[in-house]
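Data first, discussion second: the structure below is written as structure tokens.
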Amino acid sequence: MLALILTCLFLILYYLYTKNYNFWKSRNVPYEKPVFLFGSFYNIVRRKEHILERLCNIYNQFPTPYVGMFIFHQPVLLIRSPDLLKKILVKDFNKFPNRKIAANEKADPLAFHALFIARDAIWRNMRAKISPVFTSGKMKLMFPLMQECVDDLYDFCATHPNEEVDVKMMMKKYTVDIISSCAFGIKTNCFKDEESEILKVATKMVDFGSVVRGFSIFCFFFLHSFVDFFKLTFGDKYCTDYLFNVFTTTLHEREKKKIVRNDLIDLLINLRKIETITDGYKFDDEVKMAGQAIPFFSAGNDTTSITLALTCYELALHTEIQDRLRKEVTEIFQERGTFTYENLQEMKYMDMVINETLRKYPLAPFLMREAAEDYTFEETGFTLEKGVSLLVPISGLHYDPKYYPEPEKYDPERFSDDNKRNLTPYTYLPFGEGPRNCIGQRFALLVSKVALARIIKDFVFEATEKTPVPLQLDPGSLFVQNKGGLYVNVRKV
Ligand code: HEM
């Protein structure tokens with residue numbers, strides 16, 4: 001009898017779980033056949049493929065404008081056509097304003113108020129208020145804070161002549177110093193303090209290696225009901241508590257001593273002062289304010305530091321590109337005698353190099369949107385139901401030889417003025433597109449240019465036997481990176 005009950009129960013659960021697997025077939029949408037329980041993510045769960053490779057793989061199998069796939073049991077539509085992307089990300093943005101990420105204000109107020117996760121009117125109001133911190137005027141004011149940190153990066157290279165250096169860790173120390181300075185108003189000295197607590201926090205925060213953390217993040221994106229059920233938090237509890245304390249301590253000190261530093265904390269203090277009763281979203285408590293600073297730290301650190309490390313890696317493998325970059329930087333430096341915010345903007349080859357790194361290694365390999373209402377694709381007549389998720393396979397587009405011939409080749413020439421004009425719009429998306437694109441783009445590019453200009457002028461990166469070629473992506477990482485360190489030799493010019 002018990003066996004019969006268990007069998008019936010199993011069959012009911014099996015039916016409930018797999019009934020969605022007909023979702024795309026019944027709507028005549030081409031789709032990748034799901035693997036029971038894991039949908040299209042079986043190889044990711046088995047750590048056989050990185051998410052970048054998995055999405056490229058699905059993208060390459062179907063020449064259609066969109067493809068159905070399943071994340072576990074959840075149907076998701078992968079958009080391939082640049083014309084459709086323009087509509088979804090920009091023209092019809094108000095029909096796709098949110099990402100489908102779980103948010104529970106009671107269980108995790110910091111995540112609920114984070115810009116990346118916030119929804120609808122809360123997001124709109126918050127984005128409008130936070131955007132002024134990222135204007136070029138504000139970046140210029142933060143430039144001196146960045147220069148202080150780049151001095152430490154330079155000294156690190158100078159004190160490790162002819163040594164194999166893990167450029168991932170080196171750049172992480174640099175970005176933790178800069179972001180701590182610009183978002184939390186503190187000097188962290190990661191290069192000098194090997195035991196720096198904030199560096200440990202930055203590492204732990206993005207360590208999704210443990211089953212519990214990995215599962216937790218997955219639930220936020222793809223299994224929302226589990227987030228409420230298990231009261232999961234988006235960030236690691238120890239890390240968010242630590243950063244919350246750092247943030248509030250600085251905030252109180254600033255308000256007491258009336259210190260002005262032109263950073264994120266200043267902006268938040270000013271916002272709180274000038275808010276009126278009619279404002280849609282008010283920074284009226286410290287959780288909401290910290291909800292901006294903590295994601296600034298987590299969203300900005302690894303994305304920027306890995307981009308920088310991968311640029312050093314590619315420069316080490318391509319000496320002619322490295323020499324040309326050094327020539328540009330040195331000429332501008334000799335002409336002006338210093339690096340300023342303005343002369344960094346003149347470095348065209350530098351832009352081309354960073355653009356190509358982000359093409360080959362899009363740090364966030366996909367964008368996500370959710371249909372806020374039923375939406376009919378004019379081109380095919382297909383109606384996507386409200387609530388269904390869309391994924392934009394950035395990696396598929398960046399590796400499509402139709403848009404980028406020989407996609408495996410690292411070639412900054414793709415982004416020269418002449419060639420850039422011929423790129424197909426909406427096929428280059430490292431920072432996303434439209435009103436919900438990366439708010440930190442300008443900041444990330446400036447932080448990257450400051451570092452590269454300063455060190456490439458006086459140091460040479462060289463591949464050694466320890467430099468991994470080809471680069472094997474770590475399937476366990478949410479970011480596009482190899483497992484462990486990324487070693488290159490650093491020597492004085
Ligand atoms: C190379 C570095 C970076 C890359 C490649 C990157 C990439 C991205 C991408 C792809 C998105 C999603 C955009 C979309 O859905 O259309 C995003 C969103 C976001 N990024 Fe970045 N990012 C970088 C650096 C930063 C930095 C330095 C910060 C903070 C200072 C930051 C803060 C954010 C935030 C808050 C969002 C959510 C914006 C919103 O929903 O309104 N990112 N980023």
Condition first: in contact with a Leu (Cβ under 8 Å, 6 or more places away or on another chain) and crowded, with 24+ Cβ neighbours inside 10 Å. Can you find one or more residues in the stretch 256-267 that meet it? yes
Would you mind telling me which numbered condition in (1) modelled with pLDDT of 95 or more; (2) more than 22 Å from LEU85 (Cα to Cα) PRO401 fails? (2)
List pairs: first residue in the stretch 415-437 and over 13 Å from LEU397 (Cβ atoms) and within 14 Å of the ligand (Cβ to nearest atom), second residue at pLDDT 95 or above and of a type in the set (Val, Ile, Thr) anywhere in the structure, Cβ distance under 7 angstrom, at least six positions apart or on different chains. GLY434/VAL90
Of all residues in the stretch 457-485, count the ones that are of a type in the set (A, V, I, L, M), within 26 Å of PHE297 (Cα to Cα) and over 19 Å from the mean Cα position of the chain (by Cα). 0
Scanning the stretch 358-383 for residues that are aliphatic (A, V, I, L, M) and crowded, with 22+ Cβ neighbours inside 10 Å, which turns out farthest from the ligand (Cβ to nearest atom)? LEU358
In the stretch 63-78, what count of residues is obtained for those that are in a loop (DSSP other than H, G, I, E, B) and either within 15 Å of the ligand (Cβ to nearest atom) or at pLDDT 90 or above (or both)? 3
Being among the polar types (S, T, N, Q), farther than 24 Å from LYS288 by Cα and out of contact with any helix residue (DSSP H, G or I) (no Cβ under 9 Å at 6 or more places or on another chain) narrows it down to one residue among ASN189, ASN162; which is it? ASN162
Could you pull out every one of the helices (runs of 4 or more DSSP H) wholly within the stretch 79-183 that has 1 or more residues that are free of Cβ contacts under 8 Å to residues at least 12 places away in the same chain and within 12 Å of the ligand (Cβ to nearest atom)? 120-130
Which one of these does THR276 not meet: (1) β-branched (Val, Ile, Thr); (2) at pLDDT 90 or above; (3) more than 25 Å from MET205 (Cα to Cα)? (2)
Quick check on the stretch 328-356: of everything there that is among the polar types (S, T, N, Q) and more than 17 Å from ARG442 (Cβ to Cβ), which residue is farthest from the ligand (Cβ to nearest atom)? GLN334
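The values are calculated or read from the model by the stated rules, or taken from the named source; none is laboratory data. Everything quoted here is computed from the prediction, not taken from an experiment. FYI the Cβ positions are ideal-geometry reconstructions off the backbone, even for glycines, and counts take in every protein chain you see.
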